[in-house]
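See below for the structure under consideration.
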Amino acid sequence: MIVVTLNEDKFAYDIHSLIKAFYPAQDVKVFVEGEKELTSDAGLPAFFVRFAEESITAGYNCGPQSYFYACNTNKLERSEVKNSLKQLLYGMLSELTGQKLPWGTLTGIRPTKIAMQLLEEGKSEDEIRSYMQDTYLASAEKTELSIDIAKREQEILADIHYEDGYSLYIGIPFCPTTCLYCSFTSYPICAWKNRVSEYLAAMEKEIDFVKEACRDRILDSVYIGGGTPTTLEADELERLLSKVRESFDFSHVQEFTVEAGRADSITREKLEVLKKYGVTRISVNPQTMKDETLRMIGRRHTVEQVIEAYKLAREIGFDNINMDLILGLPGEDEADVANTIERVKELDPDSLTVHSLAVKRASRLAQWIQDNGISTLNNTDQTMEIAAAGAKAMGMEPYYLYRQKNMSGNFENVGYAKPGKAGIYNILIMEEKESIMAIGAGTISKVVFGDGRIERCDNVKDVALYIDRIDEMIERKRQLLCLEKQEQTV
Ligand code: SF4
């Protein structure tokens, strides 16, 4: 454990995130001095931050020695004080650990939002470059990537109806089995088989509400995710998709995605149902093309099944297929990643989403790592480059990017796509520019107001509670939309 003490309760979250980025394997505790009696573990530094009227001092104790770093904050705005503090900490942590972080002081999950905002303000690329490198100490490479993606996002979202439009998300929280690293709302289907019909009925109620509440708005995109929607049987998928199609006006919908992620859930009959109801984009996710790893992470399907499912989808006529990969999986090195990329290249999907493994503290993976005495997971610059080069060789370009906490190697997740095949909903959810109505257990709806402010309401994660409390879920949405209406009429 690493302990950080503050003299005032300010910027604790940012301080925690930055120190954690340098010490991903350590538990970091930040508190105001006097609140607790904790010390860092032997061999680890104890940090402190002192805020004064016109300056900040930060430092650390290592044995009997103390080290101090200071910066002036006189006349700075709060956001500038935060940036100065993070620069100060970054310099100190870099010196202490000998490390530099590719994203510098940026610890949030949407770094491209900064480049996007600056582009919208009319800043030149050079100005954006300087700002990201001077203010956040981001590397030249990540700065270029952010600008490149922000420009592409602007093009892709050119026809989205920000003011009077919305997107729809439907969550199916079931999977064939639970993957070791899973951090989503997902339950093994075998435990819920008998209640799927009730779950669908509850969602139908929610669909009816959204249909009425949004009847004056333009639907831009529809995304059915989870979980794994294709865990539902073909007749259950038919029930859901027919309800969606008859409830909403699809005349402006630019993308209709259904995640068919797990190869062990895909059948010809199910894919035919998706096709029949006009699904335009699906994903068939290998994560890795190494059977041994697939077994280890609990996916219970083989590489061969991924290839078969993919070929079947092509045969049925899907011309926009995404594949998800994860880098930094336990036991995988650069050669494994290179092999995965080569196998994926043979299949030639339309888009590729490359994730860096994120270890959530409460996940089964965190426990597994501990039980197996694994100190780090092996994601490196080199594996990220192998994936990026593979995507490029398939004619794809990066179009969206996000980061998560505790990502292996402190990298990012990047979506690559061939021209015209980008996942529009993926950008919308990341850039938070359009309201999203979300249906199903564990989903979160959000309304984006004219001034950029965002209000959210969530549905309970537990499937049984969701079914029992569906009227309450609908009421939450009603309140959210009322709030929006009130603001529009003021
Ligand atoms: S397929 Fe995705 S949602 Fe399902 S268990 Fe695996 S990680 Fe979780």
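Just so you know, all these numbers are worked out from the coordinates, no wet-lab data involved. Quick caveat: nothing in here was measured; it's all calculated off a predicted structure. Positions of Cβ are generated from backbone atoms using ideal geometry, with glycine treated the same way; all protein chains shown enter the neighbour counts.
The C-alpha atoms of the stretch 2-97 occupy a region whose extents along the principal axes are 39, 28, 24 Å, arranged from largest to smallest. Shown in residue order for the stretch 280-295 are the 3J(HN,Hα) couplings computed by the Karplus curve 6.51 cos²θ - 1.76 cosθ + 1.60 at θ = phi - 60°: 9, 9, 10, 10, 10, 9, x, 6, 8, 9, 10, 4, 4, 5, 4, 5 Hz (x for Gly and Pro). When Rg and the Kirkwood Rh are both derived from Cα coordinates, the Rg/Rh ratio for the chain amounts to 0.97.
So how tilted is helix 234-247 from the main axis of the chain? Cα-based, degrees 0 to 90, rounded to 10. Result, in degrees: 80.
Determine which residues of the stretch 176-212 fall in the zone a paramagnetic label at Arg478 would reach in this model, i.e. backbone nitrogen under 20 Å from the point 7 Å along Cα→Cβ. Those under the cut-off are 201-212.
For the stretch 165-439, what is the convex hull (Cα atoms) projected area averaged across all directions, in square nanometres? Write down the numbers at each step before the final one.
On the way: hull surface 55.0 nm².
Computed as one quarter of the Cα hull surface, the answer is 13.8 nm².
A full extension of the chain between Asp319 and Arg78 corresponds to an added length of 81.9 nm, given 0.36 nm per residue minus the alpha carbon distance.
Relative contact order for the chain: what is it in percent, counting Cα pairs under 8 Å that are at least 6 residues apart?
14 percent
This model, with +1 at the C-beta of Lys and Arg and -1 at the C-beta of Asp and Glu, gives the chain a dipole about its Cα centre of some 680 debye. A crude spin-label estimate for the pair Ser66 and Glu269, with each label 7 Å from Cα along the Cβ direction, gives 7.2 nm.
Stretched out straight at 0.36 nm per residue, the stretch from Glu346 to Ile454 would grow longer than its current Cα-Cα span by 34.7 nm. When +1 charges are put on Lys and Arg Cβ atoms and -1 charges on Asp and Glu Cβ atoms, the dipole computed for the stretch 1-125 relative to its Cα centre reaches about 280 debye. Counting only alpha carbon atoms, the long axis of helix 196-213 and the longest principal axis of the chain meet at about 80°. Rounded to the nearest 10 degrees, the angle from helix 381-393 to the longest Cα principal axis of the chain is 40 degrees. When you count the other C-beta atoms within 10 angstrom of each residue and take the mean per peptide, 258-264, 158-164, 334-340 line up highest first as 258-264, 334-340, 158-164. Only one residue of Val273, Pro349, Tyr399 has its Cα farthest out toward the positive end of the dipole of the chain, where Lys and Arg carry +1 and Asp and Glu -1 on Cβ, and that residue is Val273.
Amide H contacts of Gln254: Ser221, each under 5 Å away and 5 or more positions distant or on a separate chain (H built 1.01 Å from N in the peptide plane; Pro and chain starts excluded). For Asp216 and Thr39, the FRET efficiency from 1/(1 + (r/R0)^6), where r spans their Cβ atoms and R0 equals 45 Å, is about 0.15.
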